[in-house]
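This report concerns only the one structure given below.
The values are calculated or read from the model by the stated rules, or taken from the named source; none is laboratory data. Worth saying up front: this structure is predicted, and the values here are computed from it rather than measured. Heads up, the Cβs are rebuilt from the backbone with ideal geometry, glycines too, and the neighbour counts pull from every protein chain shown.
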Amino acid sequence: MDTAAAFRAYRRSPSVALRNRLVEHYAEFAAMLAAIALRKFPSSIWREEIEQAALIGLLQAVERFDPDRGVLFETFAAWRVRGAIGDELRSVDHLKRGARHDDVEHELEAPKSLEEFEATDRVSALGAEDLELGRLPLLEELDQALAQLPERERMVVVLHKLEGFKMAQLAELLGVTESRVSQLYTKALQRLRAAYARAA
């Protein structure tokens, strides 16, 4: 699926069918974010509630994403999904406030506005040390290069480097070994280096 073209088509002429195709395409990504969040919650929270909140966040992300703003969809979607899960956490009546609740809310805390989200320094998270470029890539360079990666490689890079998830977590969620996740990450970095070399 050419997601860039699909998002532009959706922006020009929103349709339920195209929206649902994009949601289905990124459903695994939202499920991974929900599964990671579920590990931090007390058992009193139902799995279905959090998974549904993640899908709501993904749906909102698809509906509001603008591919011309220079933001990678996965980073935008992760922001919306975390926000939706945080909203669900605050709305659960049977979860009593306490230290654990506060810790979870803090971990799920996301920028409150699109402008605040776009101001976060995502570029420095994937910098010269990883790519061996000798410089930080521009935001536009980073987003364009990440968009060209195969889906699972892109998910690993975004979730591990830009969202801070551990390789072991990703291995369990993807149903592969940690060494396989490491291979995906290494291949992704090789592709990114090649992309930057071509653009230099």
Anything in the range 175-188 that is in a helix (DSSP H, G or I), of a type outside the set (D, E, K, R) and surrounded by fewer than 18 Cβ atoms within 10 Å (Cβ to Cβ)? List them, or say none.
SER179, SER182, GLN183, THR186
Check every one of the helices (runs of 4 or more DSSP H) wholly within the range 1-81 and list those with 1 or more residues that are without any contact (Cβ under 8 Å) to a residue 24 or more places away in the chain and closer than 18 Å to LEU159 by Cβ.
27-38, 47-64
Residue match in the range 163-170 (condition: at pLDDT below 85, touching a Leu at 6+ places or on another chain (Cβ under 6 Å) and not in a helix (DSSP H, G or I)):
yes
What number goes with the only condition from (1) farther than 18 Å from ARG80 by Cβ; (2) exposed (fewer than 13 other Cβ atoms within 10 Å of the Cβ); (3) modelled with pLDDT of 85 or more that MET1 does not pass?
(3)
Over the range 177-200, the set of residues hydrophobic (A, V, I, L, M, F, W, C) and over 19 Å from GLU74 (Cβ atoms) is ALA194, ALA197, ALA199, ALA200
Residue list for the range 153-167, restricted to those being in contact with a Lys or Arg (Cβ under 8 Å, 6 or more places away or on another chain) and closer than 16 Å to GLU178 by Cα:
GLU153, HIS160
Considering only residues of the range 66-85 that are more than 13 Å from the chain's Cα centre (by Cα) and surrounded by fewer than 22 Cβ atoms within 10 Å (Cβ to Cβ), which is modelled with the lowest pLDDT?
GLY70
